[in-house]
Amino acid sequence: MIGTPALTEETLAQAYGEKARFCQTPNSQVSLVFSQSRPMDLVELERLLESVGWSRRPARRVRKALEHSLITVGLWRHDPRLPRLVGFARCTGDGVLDATIWDVAVHPLYQGSGLGKQLMDYVLDALREMGTERATLFADPGVLPFYQRLGWELEPSGHRCGFWYAS
């Protein structure tokens with residue numbers, strides 16, 4: 001078996017952009033990376049979203065949504081030849097006062113080991129860097145307890161919305 005070369009800070013920036021950051025993983029044989037600049041392959045993004053049970057959306061509309069997003073974050077399983085998208089989130093908003101987080105997904109094979117929490121931490125760090133004061137989040141009711149454990153305040157009737165405030 002031929003090992004893959006180690007991902008250094010220098011190669012991290014070259015492959016994933018200046019705001020790329022390593023993601024902690026319980027498997028030392030797997031390198032996971034957060035990136036705001038690595039281009040999204042729409043087919044790969046669609047596969048990821050389908051893996052978590054979301055319905056298909058027209059590619060041209062998804063492309064336009066990504067272009068109009070304030071932040072898009074991919075969580076990549078590093079492979080020097082072909083990195084794989086295993087997590088995703090995006091934000092819309094004004095980048096100052098308010099942002100809304102959409103489309104948070106972690107592939108089912110990667111769930112349960114803290115990657116979703118790290119993805120949300122990365123997104124909130126990026127919003128803090130912009131000076132954003134608060135964020136809202138819309139999610140399926142079944143995953144709202146996850147966000148509540150992360151400190152999000154749920155809207156009073158506990159339906160689909162949560163709120164985060166910069167401190």
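The values are calculated or read from the model by the stated rules, or taken from the named source; none is laboratory data. The shown structure was predicted, so the numbers you read here are calculated from the model rather than taken from an experiment. Note that each Cβ is placed from the backbone with ideal geometry, even for glycine, and that neighbours are counted across all protein chains shown. Accessible surface is based on the protein model in full, side chains and every heavy atom, while ligands, DNA and RNA are left aside. Shrake-Rupley method; radii C 1.70, N 1.55, O 1.52, S 1.80 Å.
Remarks
- Boolean, residue 86 is closer than 26 Å to residue 25 by Cα and modelled with pLDDT of 95 or more: yes
- Selected residue (criterion: modelled with the highest pLDDT) from residues of the range 2-18 that are over 13 Å from residue 80 (Cβ atoms) and open to solvent by less than 100 Å² (accessible area, probe 1.4 Å): 17
- All of 86, 62, 73 fail the test of being within 29 Å of residue 163 (Cβ to Cβ) and touching a Ser or Thr at 6+ places or on another chain (Cβ under 8 Å), apart from 73.
- Within the range 105-123, residues that are within 20 Å of residue 70 (Cα to Cα) and without any contact (Cβ under 8 Å) to a residue 24 or more places away in the chain have Cβ atoms under 7 Å from residues that are of a type in the set (Phe, Trp, Tyr) and buried (at least 20 other Cβ atoms within 10 Å of the Cβ) in no pair, counting only partners at least 6 apart in sequence or on another chain.
So that you can scan it fast, the table gives a plain yes or no per residue for (1) closer than 17 Å to residue 118 by Cβ; (2) of a type in the set (S, T, N, Q); (3) touching a helix residue (DSSP H, G or I) at 6+ places or on another chain (Cβ under 6 Å):
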position	(1), (2), (3)
25	yes, yes, no
30	yes, no, no
42	no, no, yes
46	no, no, no
76	yes, no, no
86	yes, no, yes
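- Residue satisfying all of: in the range 87-109; part of a strand (DSSP E or B) and charged (D, E, K, R); farthest from residue 38 (Cα to Cα) among these: 98
- Among residues of the range 97-122 being of a type in the set (A, V, I, L, M) and open to solvent by 40 Å² or more (accessible area, probe 1.4 Å), the one that is nearest to the chain's Cα centre (by Cα) is 109.
- Residue match in the range 50-61 (condition: hydroxyl-bearing (Ser, Thr, Tyr), closer than 20 Å to residue 125 by Cβ and either modelled with pLDDT under 95 or open to solvent by less than 20 Å² (accessible area, probe 1.4 Å) (or both)): no
- At least 3 residues being out of contact with any Asp or Glu (no Cβ under 8 Å at 6 or more places or on another chain) and under 25 Å from residue 98 (Cβ atoms) is the threshold, and among the helices (runs of 4 or more DSSP H) wholly inside the range 1-86 those reaching it are 59-67.
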